[in-house]
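Here's the structure, in structure tokens; my notes come after.
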Amino acid sequence: AEGGIVSIATGRTVAALKPITDLYNGFGPSVVSNGSMIYDTSKRQVLYEITLEKSEYNCIKSALSASGSVGIEIHSGENVYTVNETKETIDHQEYEKMTPKPFDFGMLETIKANKILYLFEDTNEQAIVKRAVLNEAKASDFCDTLVILYGKDRRYLEQMPKGISKAQTLLKLAEMTNVKRENLFAIGDGYNDIEMLSLAAISACPSGAPDEVKKYADQGILLNKRVLKLGSVDEVF
């Protein structure tokens, strides 16, 4: 009502946004794929993008050499490509309502990857593959991810362009939309949200977030489905 913009800042790629955007059709331009893209969900338009260097695709072959059973997905804009299909990739794509595109290795010359996702059956496989790709990578950052799908812990390794983050891309989004830093309000629940919570003028996190994340919520503000008072404004979450 006051002219604010509600934007998503997520590790999910464009291909996995639909379950979120279906809940609310009023999202503004959003930070996706851990900061490698700013995407206008209403116009389905890329406003800003950083992609992996083609030389970094060598990590895929290193991962497969280390473990032939590792699941591998390439996320490129609205598209997801399954490089190596496993039960983990099938469950992930079903849960996120993503339909993979046909893939062959010759396509690596033309695909622009925002993120490469490695999916594992167990922690031992994750450790083996992680060592292999870290030895190969020159211009990538990696992030370990633990999520719960269908009641089961899933362990992923995300490969992204070096130096990106939700926080830095959020500042880029604020610049593009003429929002001053003192008017940034960020809500986050994970370790990869800490930098974003730190730079926002007002920050908050859910009551179930890790304690290390909670301490970055301004004045101990915690969202727990009660009335949250910010100055003279009462909002029910």
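The values are calculated or read from the model by the stated rules, or taken from the named source; none is laboratory data. It should be emphasised that the depicted structure is a prediction, and the values quoted were computed from it without experimental measurement. Methodologically, a virtual Cβ is constructed for each residue, glycine included, from the backbone with ideal geometry; neighbour enumeration extends over all protein chains shown. Just the protein is used for accessible areas: all its heavy atoms, side chains included, with ligands, DNA and RNA removed. Shrake-Rupley method; radii C 1.70, N 1.55, O 1.52, S 1.80 Å.
When the solvent-accessible area of the stretch 1-139 is split by element, carbon and sulfur atoms take up 48 percent of it, the probe being 1.4 Å.
About its Cα centre, what dipole magnitude does the stretch 20-62 give when the only charges are +1 on Lys and Arg Cβ and -1 on Asp and Glu Cβ, stated in debye to the nearest 20? Mind dumping the intermediate values first?
Details: 4 positive and 5 negative charges, 20 e Å.
Magnitude of the dipole: close to 100 debye.
Calculated mean residue ellipticity, 222 nm, the chain: -6500 deg cm²/dmol, from DSSP H runs (n ≥ 4) at -39500 (n - 2.57) each, averaged per residue and rounded to 500.
Tell me the Kirkwood hydrodynamic radius of the chain in angstroms, computed as one over the mean inverse distance between distinct C-alpha pairs. Before the final figure, lay out the partial values.
Numbers: mean 1/r = 0.0530 Å⁻¹.
Radius from the Kirkwood sum: 18.9 Å.
Quick one: go through the stretch 75-107 and flag any residue whose amide nitrogen is under 13 Å from the point 7 Å out along the Cα-to-Cβ line of Ser55. Backbone N within reach: none found.
Whole angstrom only: what separates the Cα centroid of the stretch 111-129 from the Cα centroid of the stretch 49-67? That distance is 10 Å. Please name whichever of Thr82, Leu134, Gly71 sits farthest to the positive end of the charge dipole of the stretch 1-134, dipole taken about the Cα centre and charges placed at Cβ: Lys and Arg +1, Asp and Glu -1. The listed residue farthest towards the positive side: Leu134. For a Förster distance of 30 Å, can you work out the FRET efficiency between the beta-carbons of Asp104 and Ala139, rounded to the nearest 0.05? It comes to 0.80.
What FRET efficiency would be calculated for the residue pair Phe185, Lys43, taking the C-beta separation as r and a Förster radius of 25 Å, to the nearest 0.05?
Working: r = 24 Å, r/R0 = 0.95.
FRET efficiency, Phe185 to Lys43: 0.60.
Counting only Cα atoms, the stretch 81-195 measures 45, 37, 31 Å along its principal axes, largest extent leading.
Looking at the stretch 1-125, what % of the alpha carbon pairs are farther apart than 26 Å? Numbers along the way, then the final one.
Details: 1903 of 7750 pairs.
It works out to 25 percent of all Cα pairs.
For the stretch 15-56, the spread of Cα positions along the three principal axes, ordered from largest to smallest, is 38, 18, 14 Å. Within the accessible area of the stretch 140-203, the carbon and sulfur atoms contribute 50%, probe 1.4 Å, all protein chains present.
Per residue, what accessible area does the stretch 32-93 have, given a 1.4 Å probe and all protein chains present, in Å²? Provide the component values of the computation, followed by the final result.
Values: 2440 Å² over 62 residues.
In whole numbers, the stretch 32-93 has 39 Å² accessible per residue.
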